[in-house]
Every structure is written in C-alpha cells, then in structure tokens.
Amino acid sequence: MFTGLVDDVGTIERVRGIDAGRELRVRCGYDDLTRGESIALNGVCLTVRDHGAGYFDCAAVVTTLAVTMIGEWKPGTRVNLERALRPTDRLGGHFVQGHVDGVARVTHADMDGDALIVDLALPAGLSELMVDRGSVAVDGVSLTVVALPSPDSIQLSIIEHTRRHTTLGDLKAGDTVHVEADIIAKHVRKLLTAYKDA
C-alpha cells in the first residue's frame, strides 16, 4: 500500500530478460532498503530482490509487463519511486495499491500560470471510475482530477512542487503514463454491478 507521494526519482541502470519477465537495476537515493520490501516504480508495486549502495534490483513478471510500460524501459529511463506505507505514516495522498489499471495517453500538456495542465485519454473501462475532484494515481503520483473534458478523458493540474520532485514535469502530448483508479471507486463499481440493469 502506498500514498502516491513520491519520495525519490530513480534511474533505470540495467535491464535484462529473465524467464519470468524482466529484471531491473534502479539507481536511487535509498540507503536502508531491505530484501523483500515493496516499492512502487511509476506506480507499479514491485519487490526488492537485491540492493546495495545507491541501487536496488527488482523484477516485473510477464503479467505486469502486459499492462504497464515496463517493457519499454531502458537504461536512462527516470522513474518515480515510493516505498510502502507504514502504519505510523501520515496519509498525505490517497490509498494507492501499486496495481496499475492501464496506460493512458497525454493529449494536451501546457503551462497555465505556475501549473502544468495535462489531459489524459483513458483506456477503456476507467472513465466511469473518475469523478471531478476525485483521486487518481498517475505514474505513481497521487493527483486530483480537476475536470472531465470528455467521456473518456480527465484533466489534471500538476503543481510546481510535483513538477520538480517527480517525472510529471516532463510530460508532453503523445507521452504515455500508468493510471491507477481510486480503490474505493473500484469497490463501489463492483458492488453496484449487480444492480446496474435492475
């Protein structure tokens, strides 16, 4: 479980294919990781397999590769990092599981004052989970939906702090990002499915 408040930006240093998928070595600022702990990379929950001074290794299995952009990552790719939530931490964002629902495409990204306004075209099935002023995780960053410009898109406002401390400040039209819908919205949809046609 995560909060969507990124605490480091890492760089992919090495990628290699393994039988189960891909193994990644990530350069980071962490110096107290433990083997087996969960860590989110651009919103994808992975497990630390090994670690050392300024790096950790993790692997993405075939199932994860099928629904994320990890298969496209190469040495030099920058990724948002967040370590798992501890019970004593402040919950400054929202509950983020690190279970990506799909990949969205940036259709618009322009500055408006000190904010970067970004429109995302959502993958099928996600728009019904988005509400005005609701929460969404984009590349692992907890954000607020500021508008619903069309039935299959959302608009976000990336503040200056977030632009400086995550990879979202580099977004431009045509880019792709991981999207995770709010877990509460997913449970509500599941509960109401039986009554949809009633």
For segment 102-193, one quarter of the surface area of the C-alpha convex hull, expressed in nm², comes to 5.6
The chain: angle of helix 183-193 to the longest principal axis, Cα-based, in degrees nearest 10:
50
Full extension between Thr34 and Ala59 adds, at 0.36 nm per residue less the Cα distance, a length in nm of 7.5 nm
Starting from a Cα-only point model with no solvent, please compute log10 I(q)/I(0) by Debye for segment 8-83 at q = 0.11 1/Å.
-0.22
Each label sits 7 Å from Cα toward the beta-carbon; between Leu91 and Arg14 the label points are separated, in nm, by 3.9
His108-His187 FRET efficiency (beta carbon distance; Förster radius 41 Å; 0.05 resolution)
0.85
Which of Asp175, Asp139 has the fewest Cβ neighbours within 10 Å, and the rest in rising order:
Asp175, Asp139
Do you know the relative contact order of segment 8-83, to the nearest whole percent, from alpha carbon pairs under 8 angstrom that are 6+ apart?
40
Using the Cα centre as the reference, give the magnitude of the dipole from point charges on the C-beta atoms of segment 8-83 (Lys, Arg: +1; Asp, Glu: -1; all else neutral), rounded to the nearest 20 debye.
220
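Please give the length that would be gained between Asp7 and Glu23 if that part of the chain were fully extended, namely 0.36 nm times their separation in residues minus their C-alpha to C-alpha distance (nm, one decimal).
Working: separation 16, 0.36 × 16 = 5.76 nm, distance 2.22 nm.
Residue separation times 0.36 nm, minus the Cα-Cα distance, leaves 3.5 nm.
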Which one is right for this structure if semi-axes √(5λ) of the Cα gyration tensor in Å is calculated from it: (i) 44, 23, 15; (ii) 27, 20, 17; (iii) 25, 21, 19?
(ii)
How big is the dipole moment of the chain about its Cα centre under a simple scheme where the beta carbon of each Lys and Arg is +1, that of each Asp and Glu is -1, and everything else is neutral? Debye, nearest 20, please.
380
Dipole size in debye (nearest 20) for segment 102-193 around its Cα centre, Lys and Arg Cβ +1, Asp and Glu Cβ -1?
320
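Rule-based calculations on the coordinates, nothing more; no lab input. In this text, all values refer to a predicted model and were calculated from it rather than measured experimentally. Neighbour counts are summed over all protein chains in view; Cβ atoms, including those assigned to glycine, are modelled from backbone coordinates with ideal geometry.
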